[in-house]
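A short write-up of the structure that comes next.
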Amino acid sequence: MKQRLQKIMASSGLASRREAERWIEAGRVTVNGRVASLGESADPGCDRIAVDGRPLKSEEDKVCVLLHKPVGYVTTMRDPQGRPVVADLVKDLPLRLFPVGRLDLNTSGLLLLTNDGDLANHLAHPRHNVDKVYLARIRGVLSSAQAGLLANGIRLEDGITAPAKVERVRQVGSHSWVKITIHEGRNRQVRRMFEAVGHPVSRLQRLQVGFLELGALAPGRYRKLSGQEIMRLKGL
Ligand code: URA
C-alpha cells in the first residue's frame, strides 16, 4: 500500500515525520535509487527507500524487547552524567532501540524497548488506554477511604488522575504493599498519587503493561517479544 514517504520513515522508527520531511527536502532520501521529493508516496512493501544510501528497516527488522529494568538505571540510551542506562542492558543486540515510556531511576520492572515507531506511538497514545500494573511498598497502611480516593481520581498539581484500580495486598511491619493499575503515564505518577494521600512509596516495581507480564524475568535480563505478541499489542 502506498503511503507518504515521511509516514513510512516515521513508522520505521528512524525519525519524526517533521524530521523526515526535512531529510526529503535536503535530498537525502531516495526511492528505487532516485532522489525523492516532498509529497511523494511509495510502497514500503516493494519500493526500495533509503536515507543517505542506507535502506530503511523492513517489517522483519523491527523488534520489541521486554526488559526487567533494575533500580539505578536511567531510562535513556545515553546519560550525560555517566549513570548506568537501560541501553547497557541490551547492547548485545545490534539494533538502535528506544524505550517506550519511562520508569524512574528508582523504579524497577517491565520496560519495553523497540525500534518500531508505529508500536511506540500506539502504546503511548492515550486513546489506547494501555493498563500498567505497579506494585508499591508504601509507608503505613492505606485506609479503604484512601484507596477509594486513589481509585476514583485524586488531584495532583497537573490535574485529577483518571480512575485507577487499587488492591491492598499485605501489611509488613510499618509498611504495606499495594497493587495499583493506571493507564496514564504522567511523570512519577504512582509516587505522587501515594504521596498525595500521605503514604510515600519506598519501592516501586512495574509488573505488567497491557497483557505483558514481567513474570520471573530476572533484573537486568530481557526477552524478545514474539510476532504474535507485537500484533496483539498493536491491537491487530
Ligand atoms: N509512576 C512512578 O511514580 N514512577 C514510575 O517509574 C512509573 C510510574
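Assorted remarks:
- The alpha-carbon positions of the chain define a convex hull whose volume is 151 Å³ per residue.
- A Förster distance of 25 Å, applied to the separation of the beta-carbon atoms of Lys179 and Arg155, puts the FRET efficiency at 0.65.
- Neighbour cut-off at most 14 other Cβ (10 Å), DSSP loop, trypsin sites (Lys or Arg not before Pro), segment 45-144: Arg48, Arg78, Lys91, Arg96
- Long-range tail of P(r) for segment 3-56 (Cα pairs > 12 Å, %): 56 percent
- Point-to-point label distance, Lys2-Asp52, nm (Cα→Cβ direction, 7 Å offset): 3.0 nm
- The modelled label-to-label distance between Leu93 and Val35, using points 7 Å beyond Cα along the C-beta direction, is 3.6 nm.
- The slack between Glu195 and Lys224, meaning 0.36 nm per residue of separation minus the straight C-alpha distance, is 6.9 nm.
- Dipole check for the chain: with +1 at the C-beta of Lys and Arg, -1 at the C-beta of Asp and Glu, and the Cα centre as origin, the magnitude is about 560 Debye.
- Pairs exceeding 31 Å between alpha-carbon atoms, taken from Lys57/Lys132; Lys57/Lys165; Lys165/Lys224; Lys2/Lys91; Lys2/Lys69: Lys57/Lys165; Lys2/Lys91; Lys2/Lys69.
Values in this text are rule-based calculations from the coordinates and carry no lab data. Note that the structure is a prediction, hence the values are computed from the model and not measured. A quick note on method: Cβ atoms are made from the backbone with ideal geometry, for glycine too, and the neighbour counts reach across all protein chains shown.
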